[in-house]
Structure formats: structure tokens, C-alpha cells
1. Please name whichever of V2, G189, T241 sits farthest to the positive end of the charge dipole of the chain, dipole taken about the Cα centre and charges placed at Cβ: Lys and Arg +1, Asp and Glu -1.
2. When a/c reaches 1.5 or more, the comparison of a/b and b/c decides; with that in mind, is segment 41-140 rounded, prolate or oblate per its Cα gyration tensor?
3. Work out Dmax and Rg for the chain from the C-alpha atoms and quote the Rg first, both in angstrom.
4. Mind running the shape call on segment 120-263? Use the C-alpha gyration tensor, a ≥ b ≥ c as the square roots of the eigenvalues: rounded below 1.5 for a/c, prolate if a/b tops b/c, oblate otherwise.
5. So for K198, K11, fewest C-beta neighbours within 10 Å to most, what's the order?
6. Helix-derived [θ] at 222 nm for the chain: sum -39500 (n - 2.57) over DSSP H runs of at least 4, divide by residue count, nearest 500?
7. Please compute the contact order of the chain in relative form: average sequence separation of alpha-carbon pairs under 8 Å and at least six residues apart, divided by the residue count, as a percent.
8. Please arrange I234, I61 by counting, for each residue, the other beta carbons lying within 10 Å of its beta carbon, fewest first.
Amino acid sequence: VVAADLVAPDKKAGAIATMFTGLTVANIVGVPLGTFVGQAVGWRATFVGVAALGVVGLLGIVKLVPALPRPEGAHLRGELTAFRNPQVLLAMAMTVLGFGGVFAAITYIAPMMTRVAGYSDGAVTWLLVLFGIGMFLGNLLGGRFADRRLMPMLYASLGGLAVVLGLFTLTAHDKVLAAVTILLIGALGFATVPPLQKRVLDQAHGAPTLASAVNIGAFNLGNALSAWLGGLVISAGLGYTAPNWVGALLAASALVLAVWSAALERRAPGRATAVPTAVPTVSIPVHH
């Protein structure tokens, strides 16, 4: 919310992507660093390091993030009204299903890569780094294009994610193809983050704070839901690549919701209104 409020309306998705770049870089750096510290000094030292970084982050917020005025009339009841908008709920459902598709596969990446692809246990860490690089690239692309064509960006990323996850059932049997697929899953999965977060902010209108926070919760719900579903298909004896099909179905379901959301928006009364020619040109945020 803060990142989006600091920039012009047509730059919001890019600002959200820049903020989420921190998360993607943290994955790239933090996975091998945490593993190295844990192996060299002990796992407790890794958590001490995390706590120290948290203090640094807190000081950075206090020093660098500007104080924003509280919106007039802001209160919990007003924030809750955002959830009466079906577009907000649809965007959150897309978040659950789309991000769930990513973690249906990635949660079980270790047994999949060691027992199916033939990688060593030590190589899994670097495969996760590769996933983090994909997250970084996809996040930047998602932010860049979501400010221009938000819904087409969602269609492309969710559709591509569904296809790649489906193919992962086959590519997981080859080391090189598996590595490329992991990179693509990270890229396509995180290309959905800026447009989905921006869509929630756009649709929540005057009550973005709670809606935005709940949407982040939706990411975690998708993570937990897909991990559980992936575990079910493995327990059912369908193999370590079966969670990829679960992920593909989840991503495809998110794509269906995106198309439905756009169709509902097009049918909404009063969406298109004439602009008098005598009115001076002003910068108006466009809700894609």
C-alpha cells in the first residue's frame, strides 16, 4: 500500500513490483546463505541472523519510509466494505489459486528432483536459487506490463503457468529440462504478483489497506492449500510428479476466474462514460 501510494496512479504496479523485488532477491541470497550458516555454525545461528536482519529492516523503515497522512474517515468498518465488491473477492481467489499452482510443485521439489530427475541432495539448494532468479525476473516483467495491460498480463502469466506446470510432469525426468522448468515456474508465478496486488488496490478503492493485507494472506493460503493437495496425491500413490498436475489445475482455475472477472467488469453498468470535451485534460487512473 505504501509503495503504491508513493507514485503516480499509472506507476502503481511497477512500484509494487519494486517492493516485491526485495522478496525475490531475499530468496536468491537467503537460501544458500542460510544453508551455509546453518551447516558452518549450526541452525540456531541462522535464526539469530534472521532476527538481526529484521532489526535492520525495522530501522530502515523508521529512517527511510515517509510518513503518509491517514485517510480521512478511515476505520475498520469502512475497510470491511471493500469485501462487498465481488471483484476484490475474485482477485483474492485468483491469488489463492494462481500462487497455489506454484507451490503445489515447489513444495515437493526436493523429492521430485532427487528421486525423479536424479539430482543430489546438495543440488536442491541451487535449484531453489534458480527458482528465486525466476521469481526476480517474473516480478519485474509483471510490474512493467501490468501498468500498461493488467488483464492481458494476468491471462498470459496464469495461462503460461498452467502449461508449464503440466509439462513439468514430463520435464522432471530430465535434469536440464527440469532446471529450465523450475526457472519458468518462478518467473510465471511471480509475474502474477504485481497485477493481482494492483487489481485488489484498484477494486478496493477507498479501503485498500485491509484488502491488500488479506490478499497477502491469500498468497499464504494458496501456499498451504496447494501443499496439502500435493501431499494428498503423493500419499495416494500417484508419484512425486503428481503435484505438478494439481498445480496446473489450480493455475488454470485462476485463469478462468480472471476471464470471468473481466467479463463481469465489461458488463458493469456505467463503466463507460462520456468525457466532456471542454474539461481540461487531467491524469485519471484507469482501472483495467
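1. Selected residue: V2.
2. Verdict is oblate for segment 41-140.
3. Here Rg and the maximum Cα pair distance are 20.5, 71 Å.
4. It is prolate, given that a/c is not under 1.5 and a/b is the larger ratio.
5. Fewest-to-most Cβ neighbours within 10 Å comes out as K11, K198.
6. -25500 deg cm²/dmol
7. Averaging sequence separation for qualifying contacts and normalising by length gives 31 percent for the chain.
8. Fewest-to-most Cβ neighbours within 10 Å comes out as I61, I234.
FYI, it's all coordinate maths here, none of it is from the lab. Note that the structure is predicted; figures quoted are calculated from it, not measured. Cβ coordinates were reconstructed from backbone atoms using ideal geometry, including for glycine residues, and neighbour counts include every protein chain displayed.
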